[in-house]
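Below is one structure; the comments refer to it alone.
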Amino acid sequence: MNRVIRYYRVVSTDKEELSLVETSRGYRFVLDVTNVVWELIEAEYDDFFASVVKMCRVSWGKDLAPMEVRIQRSPPPLHCVEAFTRYFKASVEFAADENSLLFRKSDLEKALPTGNVQVARACDRIVDEYLAGLEGAQITVKARAKLVERLPSGEFSEKGIADALNVSVRGLQRKLKDEGTTFKQLVDNTRRDLALQYVKDSTVSINEMAYLLGYSEHANFSRAFKRWTGVAPSAAR
């Protein structure tokens with residue numbers, strides 16, 4: 001679900017915003033269309049959520065069902081409402097104040113039987129590079145792609161990344177600030193995201209993880225990982 005959110009721009013050029021919100025009841029997957037430019041037809045809401053649930057069932061198992069479905073579109077005829085309920089295996093609220101799917105925490109936190117860490121990591125890199133190459137792509141996306149490429153070599157200074165993006169250091173700082181982050185935060189978040197992938201891959205040792213993330217000392221990596229997750233990388237594995 002987090003990958004759907006992160007890479008949604010690959011399949012959409014409009015201004016929908018996706019988010020995954022943890023609540024006391026479960027995880028709420030939200031489609032915010034407040035800033036959408038193009039006028040949506042109501043069937044687009046149906047198609048989007050049907051596709052998301054279908055994708056999840058292919059990866060997770062055919063019995064996966066959200067706890068509830070909320071859609072802002074107007075209610076369809078009664079026989080269609082029944083079809084919605086059968087498909088989602090859940091109650092569907094129409095004319096709702098948001099577009100969302102609510103999932104049980106245990107369902108979304110379950111390891112996917114179809115999961116493959118190496119393939120996922122390779123795909124992440126390909127999509128990061130693709131997004132970075134899009135005209136008008138955010139500087140955060142472009143800088144992240146350069147970081148992923150350079151972390152193992154240890155050559156990922158702020159000036160080096162700025163040079164790779166053909167901007168000045170001050171220009172990079174200004175653009176990152178406009179997007180609500182800093183170079184330090186971007187490095188930390190990128191390392192964290194990669195570390196959470198590597199720790200699931202038994203073929204990558206803890207020492208290799210430190211190297212791949214650009215840490216010169218294993219201890220520095222372990223401290224950072226514990227700050228991100230609350231536990232040491234060996235304990236997480």
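So, in segment 151-171, of the ones that are in contact (Cβ under 8 Å) with a residue 12 or more places away in the chain and not in a loop (DSSP other than H, G, I, E, B), which residue ends up farthest from Ala120 (Cα to Cα)? Filtering segment 151-171 for residues that are in contact (Cβ under 8 Å) with a residue 12 or more places away in the chain and not in a loop (DSSP other than H, G, I, E, B), the one farthest from Ala120 (Cα to Cα) comes out as Glu158. What residue, among those in segment 49-99 that are touching a Ser or Thr at 6+ places or on another chain (Cβ under 8 Å) and in a loop (DSSP other than H, G, I, E, B), is surrounded by the most Cβ atoms within 10 Å (Cβ to Cβ)? In this case the residue turns out to be Phe94. Of the residues in segment 138-149, at least one is assigned to a helix (DSSP H, G or I) and more than 28 Å from Lys15 (Cβ to Cβ).
Can you work out which of the residues in segment 126-171 that are exposed (fewer than 14 other Cβ atoms within 10 Å of the Cβ) and under 25 Å from Arg3 (Cβ atoms) is modelled with the highest pLDDT? Ranking the candidates gives Pro152 first.
Can we say Arg104 is closer than 19 Å to Ile5 by Cβ, without any contact (Cβ under 8 Å) to a residue 12 or more places away in the chain and not assigned by TED's automatic domain parsing to the domain that holds Val199? Before you say what the answer is, go through the steps one by one.
Numbers: closer than 19 Å to Ile5 by Cβ: yes; without any contact (Cβ under 8 Å) to a residue 12 or more places away in the chain: no; not assigned by TED's automatic domain parsing to the domain that holds Val199: yes.
In short, no.
Looking at Glu22, Glu17, Glu68, just one residue is in contact with a strand residue (DSSP E or B) (Cβ under 9 Å, 6 or more places away or on another chain), under 16 Å from Lys110 (Cβ atoms), of a type in the set (D, E, K, R) and at pLDDT 85 or above, and that residue is Glu22. Quick one: would you say Arg121 is assigned by TED's automatic domain parsing to the domain that holds Ala162, under 17 Å from the mean Cα position of the chain (by Cα), surrounded by fewer than 16 Cβ atoms within 10 Å (Cβ to Cβ) and over 27 Å from Val36 (Cβ atoms)? Answer is no for this residue. Taken over segment 105-118, the residue count meeting the criterion of being surrounded by 12 or more Cβ atoms within 10 Å (Cβ to Cβ), modelled with pLDDT of 85 or more and either in a helix (DSSP H, G or I) or β-branched (Val, Ile, Thr) (or both) is 3. Residues of segment 181-210 that are crowded, with 18+ Cβ neighbours inside 10 Å and either closer than 13 Å to Leu151 by Cβ or without any contact (Cβ under 8 Å) to a residue 24 or more places away in the chain (or both): Leu186, Val187, Thr190, Arg191, Leu194, Ala195, Tyr198, Val204, Met209, Ala210.
Could you list, in sequence order, all residues of segment 172-195 that are over 19 Å from Arg6 (Cβ atoms) and assigned to a helix (DSSP H, G or I)? Don't jump to the end; show me each part of the working.
Residues of segment 172-195 that are over 19 Å from Arg6 (Cβ atoms), as a first pass: 172-175, 177-178, 182-184.
Across segment 172-195, the qualifying residues are Leu172, Gln173, Arg174, Lys175, Lys177, Asp178, Phe183, Lys184.
Residues that are over 23 Å from the mean Cα position of the chain (by Cα), surrounded by fewer than 20 Cβ atoms within 10 Å (Cβ to Cβ) and either at pLDDT 90 or above or more than 17 Å from Arg237 (Cβ to Cβ) (or both) within segment 211-224 comprise Tyr211, Ser216, Glu217, Ala219, Asn220, Ser222, Arg223, listed in sequence order.
Of the candidates Arg150, Arg170, Arg192, the single residue that is out of contact with any strand residue (DSSP E or B) (no Cβ under 8 Å at 6 or more places or on another chain), among the basic types (Lys, Arg) and under 24 Å from Gly115 (Cβ atoms) is Arg192.
Listed here are the residues, each with its yes/no results for (1) of a type in the set (Gly, Ala, Ser); (2) on the phi > 0 side of the Ramachandran plot; (3) in contact with a helix residue (DSSP H, G or I) (Cβ under 8 Å, 6 or more places away or on another chain).
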site	(1), (2), (3)
Glu39	no, no, no
Ala65	yes, no, yes
Ser74	yes, no, yes
Thr85	no, no, no
Lys89	no, yes, no
Val92	no, no, yes
Ala96	yes, no, no
Leu102	no, no, no
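The values are calculated or read from the model by the stated rules, or taken from the named source; none is laboratory data. Computed from a predicted structure; not experimentally measured. Virtual Cβ from ideal backbone geometry, glycine too; neighbours counted across all protein chains shown.
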